[in-house]
Amino acid sequence: MTIINAIKSRRNIKLFKPDPIDENVLLSWLEAASYAPNHRVNEPWEVLFVGPDTRAKLNHKTNFGQAPAVMAVLSKPGNTPFERDENMMAVSCFVQNFLLAAHEAGAGTFWSSMGSSEANRNILGVPQDYEVIGVFGIGYPAEIPPVKPRTPITAKITYLS
Ligand SMILES: Cc1cc2nc3c(=O)[nH]c(=O)nc-3n(C[C@H](O)[C@H](O)[C@H](O)COP(=O)(O)O)c2cc1C
């Protein structure tokens with residue numbers, strides 16, 4: 001699979017098979033993800049593997065599409081609002097790397113933003129000032145949704161003099 005193919009064929013997966021993801025394989029995707037760009041190589045990502053008790057407390061409306069694994073990805077606080085934003089940008093790059101690594105291996109990922117609420121932050125034990133970039137269901141897809149077409153990129157480009 002070329003990178004372009006991987007980028008274009010990745011989908012947000014809403015339903016998973018029960019087959020587990022091998023932990024070492026999962027770690028290899030996270031390790032690859034850590035080569036994301038990040039300012040001053042501060043590696044601002046932190047990962048929480050969500051176990052069954054915590055998952056039950058989160059009570060996600062579809063139980064993350066029955067994904068066999070769930071993880072939350074956090075972004076560390078910065079010394080300034082600018083640094084905080086930069087950290088979130090770097091962690092977003094980390095996440096996209098992870099999504100693509102999983103996809104290339106035939107797995108799928110479901111991105112939920114539920115971790116940003118105060119109640120769910122408390123359930124996850126997120127330290128104050130950390131941002132929750134997402135909570136992710138990870139597994140092998142039972143259904144792959146069709147592509148959601150994108151706006152022609154030329155409509156998003158402005159040429160400056
Ligand atoms: C910051 C962020 C938060 C998201 N939160 C959710 C969510 O809470 N629930 C959900 O179903 N999808 C969520 N998504 C996934 C998008 O809905 C999905 O990427 C979009 O529909 C495009 O589909 P595709 O990823 O299959 O191309 C989120 C994506 C991002 C980047």
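The values are calculated or read from the model by the stated rules, or taken from the named source; none is laboratory data. Just so it is clear, the model here is predicted, and its values are computed rather than measured. Neighbour counts run over all protein chains shown; Cβ positions are idealised from the backbone, glycine included.
Of the helices (runs of 4 or more DSSP H) that lie entirely inside region 1-107, those containing 1 or more residues that are over 26 Å from Glu118 (Cβ atoms) span 3-9, 23-33, 63-66, 81-104. From the set of residues in region 108-160 that are within 17 Å of the chain's Cα centre (by Cα) and over 16 Å from Ser75 (Cα atoms), which is nearest to the ligand (Cβ to nearest atom)? Taking the candidates together, the pick is Phe110. Scanning region 55-105 for residues that are within 16 Å of the ligand (Cβ to nearest atom) and among the small types (Gly, Ala, Ser) turns up Gly65, Ala67, Ala72, Ser75, Ala90, Ser92, Ala101, Ala102.
Inclusion of Ile133 among residues that are outside any helix (DSSP H, G or I), of a type in the set (Val, Ile, Thr), touching a helix residue (DSSP H, G or I) at 6+ places or on another chain (Cβ under 8 Å) and closer than 24 Å to Glu83 by Cα is warranted. Scan region 1-32 residue by residue and report those that are within 15 Å of the ligand (Cβ to nearest atom) and of a type in the set (Gly, Ala, Ser). Ala6, Ser9, listed by residue number.
This table checks each residue for (1) crowded, with 18+ Cβ neighbours inside 10 Å; (2) at pLDDT 95 or above; (3) among the charged types (D, E, K, R).
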site: Asn5; (1), (2), (3): no, yes, no
site: Glu31; (1), (2), (3): no, yes, yes
site: Arg40; (1), (2), (3): no, yes, yes
site: Leu58; (1), (2), (3): yes, yes, no
site: Ala67; (1), (2), (3): yes, yes, no
site: Ser92; (1), (2), (3): no, yes, no
